[in-house]
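Worksheet: the structure to be examined is printed underneath.
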Amino acid sequence: MSKSYLVAAIILLLASSRGYASTDINIGGTVGYIWWKPAWQDSKTIVRGVPSNTPAATMFVEDSGDFKPSSNFSGGPIVSISFLEKWSISSIFIIGRYYFRETSPSISDALVFMGGTPLSAMSVNPANKYERDCLKWDSDSTISYSFNKYVRLFAGVKIQGYNYEQRLYITGTGAPNILARKLSDHVQNYGPGLGIGINIPLVENFYLMINFSGLFLWGFEQIVTHESYNLNAGLSQWIFMYTPNSNFISYGCNSTITLAYYIEKINTTVAVGGRYQILFNRQKSSNLFDNEVSLNIFNKQYDHFFGITLSMIYSFHITGG
C-alpha cells in the first residue's frame, strides 16, 4: 500500500506546479531486493488421511523445524493518473520467486500413527527436510488526496499471495517406513488499507517521502495433493490427504522511506528507498488436531516482507489549466 502511494505522491508534487486542471499519465517500473520471512517459518502442520487398504485413520502431526528467511529480486509495472491537482489514482504490481529449505529435520517431533500404532522410527532421520519453491506477488491500488504539499491521505486495496510446490520423502531409521508426498499450496490475501504520507522538499526537484499505512486482509489457503503414500515393511499404502480450504485474517502495517528526484529534461522520476511490511495472522483454530487450518499452522505468527527498492516513472502531460 505504501509503495503505491509513493507513486501518487511523486506525480502530485509534479502536477501541482502545472496548474489546477492538469492531468498526468505516469508509467514505469520498480525493482527491489526483498527479504521474506513467512508466517510458517517455524512450521507446524497436520495431515489426516485414510490408506486405501485399511479403514484405520492415518494422522501426521508434523514439526518441520525452521525455514531461514529467503531473499531475491522482485519487480513489476507501475501505472497512475493525477488530476485536479490534489487527486491521484495509482496501481503497482510486483512478483518474485523465493526458495526455502528448512534447517532442521522434518517431522523431528512428529506423532505419526498408522491405524493407531505410532511409527516413531520415521521421525528421527536428520536427512528428512522440506523444500518449498514459492512464487510470491503483491499488488496495491490506491486513491490519494493531497491536503497541501507536505501531507497526503491515501486509501486502497491490497491483493497479495503466493504459490509453492513442495516435495517430501521421509525414510525411517529403525524400520523400512517411507513416506512420500508431493503437493502445491495456493494462498491469497486481499483487503483494505489506509495511510498517511509526509513529503519533505529538500532541494529543487528532490524530495524525501515517508509513508505509513495500516492493513486488514482476509486470507485463503488451498492445498492440492499430487501424491502421498506410505511404504511400511514392503506394503505400499496410498494415503488420501484431508486438507480442507483454510480461512484466516491478517492485519498489520506497511511503511516506506524514499528519496525521489525528478529529471525535468526527460520527464522521469527516479526513486530509491526501503520498505517494510509486517502482518500478524489469526487462523480459525490453533488446535493441532483440528484440521480446519489446512496444512500450515501459523496462528499468532508474523509475516515479514522488507527490502530496498528502485523505481523509475515517466510522466506525460495531457491537459492544462
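Every read-out reported here was derived from the displayed coordinates using simple, explicitly stated rules and does not represent laboratory data. Everything numeric here is computed off the predicted structure, so don't read it as measured data. Every residue, glycine among them, receives a Cβ derived from its backbone with ideal geometry; neighbour counts consider all protein chains shown.
Within the set of other residues whose C-beta is less than 14 Å from the C-beta of I200, count the net charge using Lys and Arg as +1 and Asp and Glu as -1.
With Lys, Arg at +1 and Asp, Glu at -1, the neighbours total +1.
Between I318 and I210, what length in nm is gained on full extension when 0.36 nm per residue of separation is reduced by their alpha carbon distance?
Gain on stretching I318 to I210: 36.0 nm.
With Cβ to Cβ distances under 11 Å as the rule, what net charge do the other residues near I249 carry (K, R +1; D, E -1)?
For residues surrounding I249, the net value is +2.
Taking 26 Å as the cut-off for C-alpha to C-alpha distance, list the pairs among K68/K182; K158/K300; K86/K265; K37/K86 that go past it.
K37/K86
Tally Lys and Arg at +1 and Asp and Glu at -1 over the other residues with C-beta under 12 Å from the C-beta of Y190: what net charge comes out?
-1
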